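Here is the structure we will look at.
Every number here is computed from the coordinates shown, using simple stated rules; none is lab data. All values derive from a computational prediction rather than experimental measurement. Here the Cβ positions follow ideal geometry from the backbone for every residue, glycine too, while neighbour counts run over all protein chains shown.
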Amino acid sequence: MPGLGTIENSYRMNVKRLVYAKLLTDTKTETTYGDIKPFADARQIQITPTVATGDCYGNGSKKKSQSKITGYEITTDVNKAQVDVRADLFGHKFTANGELIIGNNDKQAEFAFGYEIDQTEGNRELVWLLKCTAQPYSYTVQQTEGDIKYASDSIKITAVMRESDENFQLIGDTNNSTFTEALAESFLSTVPTTITAATE
């Protein structure tokens, strides 16, 4: 298969380097992004595809079944969502005293969301979800009783298809020998605006 090299088995074990870049334009002809910025320190992440399914029946039995990805739902727990990131993603403003204002007319941003996963055997997996929106953060803080307890923020992100090329995400995994360590090192430094499938 074009683009596929030698595969080395490895297993996911840690998520880090959460980043985002605001989506500036997304049309049938081009997509542009703003600067890449740190998102938050990750504690865990879960990504689940949203799937449309269809079944065809005839003569009392199922003849064909088909499914298609329509997007992704991502839930991530982070140490704390800092106020500058919250303002950037949700259109919040600040008072002159630096207080965060959350208002009814705030407009959420669309953005690309990226992260890295450590793997065994020294490998790593890197991901860009190309067009996302987020729900406001939620958190629970517990009273410290004996042991110190740290709170975390939870955020839900929805990823949809990008208009310019109808792609949802791009994944680089160094257990595929074609995706080199040099490519992995620069993967999260730029959001890809042109993605081309390999050919023979």
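Expressed per residue, the C-alpha convex hull volume of the stretch 68-149 stands at 195 Å³. Sorted from longest to shortest, the spans of the Cα atoms of the stretch 88-133 along the three principal axes equal 50, 24, 11 Å.
Set against the labelled values [x] 123; [y] 228; [z] 320, volume of the Cα convex hull per residue in Å³ computed from this structure falls on [y]. Our coupling estimate for the stretch 161-168, obtained by passing each phi through the Karplus curve with A = 6.51, B = -1.76, C = 1.60 and θ = phi - 60°, is 6, 6, 5, 5, 9, 6, 9, 9 Hz, Gly and Pro reported as x.
Summing +1 for each Lys or Arg and -1 for each Asp or Glu among the other residues whose beta-carbon sits under 12 angstrom from that of residue 34 gives -1. Under a Gaussian network description of the chain, with springs only between Cα atoms under 10 Å, the residue in 133, 31, 120 that fluctuates furthest is 120.
Only Lys, Arg, Asp and Glu carry charge here, each on its Cβ (+1 for the first two, -1 for the last two); on that basis the chain has a dipole of about 640 debye about its Cα centre. In a GNM of the chain with a 10 Å cut-off on Cα contacts, which of 114, 54, 172 has the highest mean-square fluctuation? Checking each option, the largest mean-square fluctuation is seen for 54. For the chain, the mean residue ellipticity at 222 nm estimated from helices alone is -1500 deg cm²/dmol, where every DSSP H run of n ≥ 4 contributes -39500 (n - 2.57) and the total is divided by all residues, rounded to the nearest 500.
Considering only 15, 46, 160, whose Cα is most displaced toward the positive end of the charge dipole of the chain, charges sitting on Cβ of Lys, Arg (+1) and Asp, Glu (-1)? Of 15, 46, 160, it is 160.
Between 194, 172, 135, the Cα set farthest toward the positive side of the dipole of the chain (charges on each charged residue's Cβ, about the Cα centre) is that of 135.
Placing R0 at 25 angstrom, the Cβ-Cβ distance between residue 27 and residue 68 gives a FRET efficiency of 0.60 after rounding to 0.05.
Summary of the geometry: the stretch 104-171 and the stretch 38-93, compared by the centres of their Cα atoms, lie 10 Å apart. Return the inverse of the average 1/r over all pairs of distinct C-alpha atoms in the stretch 34-103, which is the Kirkwood hydrodynamic radius, in Å to one decimal. Result for the stretch 34-103 stands at 16.3 Å.
Charge dipole (Cα centre; +1 on Lys/Arg Cβ, -1 on Asp/Glu Cβ; no other charges) of the stretch 86-200 amounts to roughly 560 debye. Among the trypsin sites (Lys or Arg not before Pro) found in the stretch 1-76, those both in a DSSP coil and sparsely packed, with 13 or fewer other Cβ atoms within 10 Å of their Cβ, are 28. Since only 1, 67, 33 are under comparison, the one whose Cα sits farthest along the positive direction of the charge dipole of the stretch 1-73, derived from C-beta charges on Lys, Arg, Asp and Glu, is 67. Taking 21 Å as the straight-line reach from the Cα of residue 37, the lysines in range (excluding those fewer than 8 positions away in the same chain) are 16, 22, 80, 93, 107, 131, 156. Of the chymotrypsin sites (Phe, Trp or Tyr not before Pro) found in the stretch 1-58, those that fall in a DSSP loop while having at most 12 other beta-carbon atoms within 10 Å are 11. Mind checking which of 97, 167, 175 has the largest fluctuation in a GNM of the chain, springs on alpha carbons under 10 Å? Per the Cα network of the chain with a 10 Å cutoff, 97 tops the list.
Please tell me the relative contact order of the chain in percent, rounded to the nearest whole number, where contacts are Cα pairs under 8 Å and at least six residues apart. Before the final figure, lay out the partial values.
Working: 424 pairs, mean separation 52.7, N = 200.
Worked out over the chain, it gives 26 percent.
What the Cβ-Cβ distance of residue 53 and residue 96 gives, at R0 = 41 Å and to the nearest 0.05, is a FRET efficiency of 0.20.
Among the trypsin sites (Lys or Arg not before Pro) in the stretch 129-196, which ones are in a DSSP loop with at most 13 other Cβ atoms within 10 Å of the Cβ? Mind listing them?
149
Kindly state, to the nearest 0.05, the FRET efficiency for residue 46 paired with residue 150, given R0 = 25 Å and r defined as their beta-carbon distance. After rounding to 0.05, the efficiency reads 0.80.
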